[in-house]
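Input: a single structure, listed below in structure tokens.
The values are calculated or read from the model by the stated rules, or taken from the named source; none is laboratory data. These figures come from a predicted structure and were not determined experimentally. Glycine gets a Cβ as well: all are built from the backbone with ideal geometry, and neighbour counts include every protein chain shown.
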Amino acid sequence: AQRAAPAADTAEMARLTQQMAAAIAHAKDSAAAEMSGMMSEIRAMRGMMESQLAEISWGSTQRREPQKAVLLRHMLGAGFSATLARYMIEKLPAGLSAGDGLRWIKSVLGKNLSTMANEDAMLEQGGVFALVGPTGVGKTTSTAKLAARCVMRHGPEKLALITTDAYRIGAHEQLRIYGKILGVMVHAVKDEADLRIALKELRNKHTVLIDTVGVSQRDQMVTEQVAMLQGAGVDVKRLLCLNATATQDTLNEVVNAYQGSGLAGCIMTKLDEAASIGNVLDVVIRQKLNLFYVSNGQRVPEDLHLADRGYLIDRAFKLKGAAASQFSDAELPLLMAQTRNLREVHLG
């Protein structure tokens with residue numbers, strides 16, 4: 001009995017220790033949750049204060065410098081995001097008229113729009129290029145247009161075409177028809193193993209163009225497609241086709257999904273169908289993409305052009321439509337207050 005008492009005391013002590021540890025852990029969790037809640041409230045209050053101050057600031061700016069409101073409307077009407085528009089207006093040199101301010105904005109946008117200086121970097125150097133992007137953005141037609149340029153430069157024997165599009169009815173047939181016209185063989189592959197074999201057999205070709213299956217940016221297959229191209233055994237340069245008629249949010253989703261370990265560049269498609277192109281230029285600038293070509297029609301190869309930054313920036317402002325007048329003077333400060341800070345633009 002005397003030996004049992006210490007054992008009971010030990011068990012009681014262990015039980016009390018566990019209870020104390022549990023109480024301390026609960027107190028810590030409660031304190032952490034409370035602190036997290038307080039920090040969330042502080043951040044929310046800070047955001048509200050920043051928005052209100054920004055709204056007041058922009059309202060004051062409109063009254064003092066009405067030309068900035070004019071320029072803001074120009075940028076919004078051209079399709080550029082409110083975030084980029086706010087950044088540009090805030091960095092606008094003092095004392096500029098609306099006309100001079102617009103020229104300054106065009107100049108800065110042009111300096112931040114990365115394009116190919118000439119086609120030699122692609123056509124002369126050659127290599128393996130894969131055109132990627134969602135369904136219906138014009139990958140197959142763009143592949144045919146690029147193929148025609150390669151054939152005109154080096155001849156059909158230096159080019160090979162590959163299609164991975166085994167899903168869409170007639171996709172292989174469409175590219176095969178283009179290949180027959182150009183005198184170029186088209187190879188169909190189903191998976192990474194097929195692609196590795198095909199590229200090994202075509203290693204002596206100067207240029208290989210791959211027309212990939214269109215995949216929604218929200219589909220997990222995008223990751224699989226990127227992995228397939230990266231595991232092909234050779235350096236496959238991916239060119240993302242961006243539909244100029246798509247919304248800016250959609251374009252951002254597409255770029256983020258297809259980015260992978262990096263894109264060699266992009267091709268702007270459906271320029272002829274777009275009511276505005278500031279949306280796609282905004283994404284190209286902010287995502288720091290290299291714009292290779294612009295496609296503005298179905299004709300092969302005529303409707304594919306080397307991207308001209310000056311022309312594209314001018315066209316963006318000439319195409320501005322109803323968006324320029326969709327915000328009233330009272331709404332502009334509120335719109336600007338809701339934009340995020342932007343650091344991706346460098347003033348040259």
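Residues that are of a type in the set (S, T, Y) and at pLDDT 85 or above within the stretch 202-220 comprise T207, T212, listed in sequence order.
Residue check: G95 meets all listed conditions (1) part of a loop (DSSP other than H, G, I, E, B); (2) closer than 18 Å to G310 by Cα but one, namely (2). Answer yes or no: is there a residue in the stretch 142-149 that is assigned to a helix (DSSP H, G or I) and more than 21 Å from Y293 (Cα to Cα). Checking the stretch 142-149: not a single residue is assigned to a helix (DSSP H, G or I) and more than 21 Å from Y293 (Cα to Cα).
Taking the conditions (1) of a type in the set (S, T, N, Q); (2) under 23 Å from L109 (Cα atoms); (3) modelled with pLDDT of 70 or more in turn, Q18 satisfies each one other than (2). I'd like to check something: does the stretch 205-220 contain any residue that is surrounded by fewer than 21 Cβ atoms within 10 Å (Cβ to Cβ), in contact with a Pro (Cβ under 9 Å, 6 or more places away or on another chain), outside any loop (DSSP other than H, G, I, E, B) and polar (S, T, N, Q)? Looking through the stretch 205-220, none of the residues is surrounded by fewer than 21 Cβ atoms within 10 Å (Cβ to Cβ), in contact with a Pro (Cβ under 9 Å, 6 or more places away or on another chain), outside any loop (DSSP other than H, G, I, E, B) and polar (S, T, N, Q). Screening D165 with (1) modelled with pLDDT of 90 or more; (2) part of a loop (DSSP other than H, G, I, E, B); (3) within 25 Å of the chain's Cα centre (by Cα) gives one miss only, at (1).
Any residue in the stretch 221-233 that is part of a loop (DSSP other than H, G, I, E, B), surrounded by fewer than 17 Cβ atoms within 10 Å (Cβ to Cβ), in contact (Cβ under 8 Å) with a residue 24 or more places away in the chain and more than 15 Å from the chain's Cα centre (by Cα)? Within the stretch 221-233, one or more residues are part of a loop (DSSP other than H, G, I, E, B), surrounded by fewer than 17 Cβ atoms within 10 Å (Cβ to Cβ), in contact (Cβ under 8 Å) with a residue 24 or more places away in the chain and more than 15 Å from the chain's Cα centre (by Cα). The condition (being at pLDDT below 95, among the hydroxyl-bearing types (S, T, Y) and not assigned by TED's automatic domain parsing to the domain that holds V236) is satisfied by just one residue among S328, S261, S276, S295: S328.
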